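**Q** Before anything else, here's the structure in question.
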Amino acid sequence: MTVTRRRVDVPIAGIRKSSANVKHQFRAVIKSRNSNYFTCVDLLILPKVTIDLPSVNLDIDHWSIPANFDLADPGFFKTSTIDIVLGAEIFFDLLSVPGRILLGDSLPSLTNSVFGWVVSGKTSQGYPERSVRCNVATIAELHNDMEKFWKIEEDPSAANYSPNETACEEFFQRTVARDSSGRYMVRLPFKETVTQRLGDNKKSALHRLRLLENRLSRNASIAQQYRDFMAEYAQLGHMSSIRSTIYHIIQ
């Protein structure tokens, strides 16, 4: 079966901040062979997910697993490669089926899941002393983004504003007000260096206005629609007359 890979750049962090960058992912549908459960997940592609588990084959003859239990992995006791590690975002959904059975002292337990019964827990068989395996990983990029969000939410004053952003914030504080209807009003900030470069553009504006008038004079219907629109715009208070020679088009 072939899958369509998508390019990504996702850093993954593990124990003691060990990290790896993932360059591809693909979408897969995971189905249970023991129930109707299925879900879509985005899987990151790694050369190897983790070491083969369990590290040695286990003797389960005395574990007394009920014969009528459908195990999620009937070969769980044989050392094998791990194909997929599922994230915490769906982990507890998988365990939403009630049921847990203890197999005995120093033995794992059986936990029911949407995939079937899962064998998990501690066993003293076959593991070398002081051998510990940790398969916990986090997507570092998401963690860092969330950490930045929390810091901003906790202390907005600590934001690191640029000089332009600081100037805009101060300008807003100086010019914001409310009119008699309760609407907020604030002046538009302009950079002096930009406005100085604009120069005197009145002549250019009047030229464009005359071109527009000439165009509208050739189509009475559009001209009337334009006048109605501009009249409504002025009535709503979105513009006001400065000089009659500039404003006469809508009169």
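The values are calculated or read from the model by the stated rules, or taken from the named source; none is laboratory data. As the structure is a prediction and not an experimental result, all values here were calculated from the model. All accessible areas refer to the heavy atoms of the entire protein, side chains included, with ligands and DNA or RNA removed. Shrake-Rupley method; radii C 1.70, N 1.55, O 1.52, S 1.80 Å.
**Q** Please list SER241, SER19 from largest to smallest accessible area, probe radius 1.4 Å, with all protein chains kept in place. All intermediate terms of the calculation are to be shown ahead of the outcome.
**A** Numbers: SER241 70, SER19 95 Å².
Per-residue accessible area, sorted high to low, gives SER19, SER241.
**Q** Something else about it: Assuming a ≥ b ≥ c are the square roots of the Cα gyration tensor eigenvalues, decide whether the stretch 174-237 counts as rounded (a/c under 1.5), prolate (otherwise, with a/b larger than b/c) or oblate.
**A** Working: a/c = 5.28, a/b = 1.33, b/c = 3.98.
The shape class here is oblate.
**Q** I've got another one for you. Would you mind telling me the share, in percent, of accessible area of the stretch 1-112 contributed by carbon and sulfur at probe 1.4 angstrom? Can you show the working numbers first?
**A** Details: 4330 of 8060 Å².
Accessible surface attributable to carbon and sulfur in the stretch 1-112 totals 54 percent.
**Q** Protein chains only, probe 1.4 Å: how do SER180, SER221, SER55 rank by accessible area, largest first?
**A** Values: SER180 130, SER221 70, SER55 45 Å².
Of SER180, SER221, SER55, the descending order of accessible area is SER180, SER221, SER55.
**Q** Ranked by accessible surface with a 1.4 Å probe, highest first, in what order do PHE229, PHE190, PHE77 come? Please report the intermediate quantities before stating the final value.
**A** Numbers: PHE229 110, PHE190 150, PHE77 50 Å².
Of PHE229, PHE190, PHE77, the descending order of accessible area is PHE190, PHE229, PHE77.
**Q** Let me ask something else about it. At 1.4 Å probe size, what's the solvent-accessible area of CYS40? Round to the nearest 10 Å².
**A** Accessible area, nearest 10 Å²: 80 Å².
**Q** Shifting gears a bit: For ASP228, what accessible surface area do you get with a 1.4 Å probe? Give it in Å², rounded to 10.
**A** 90
**Q** Enter the accessible area of TYR233 (Å², nearest 10), with the probe set to 1.4 Å and all protein chains included.
**A** 90
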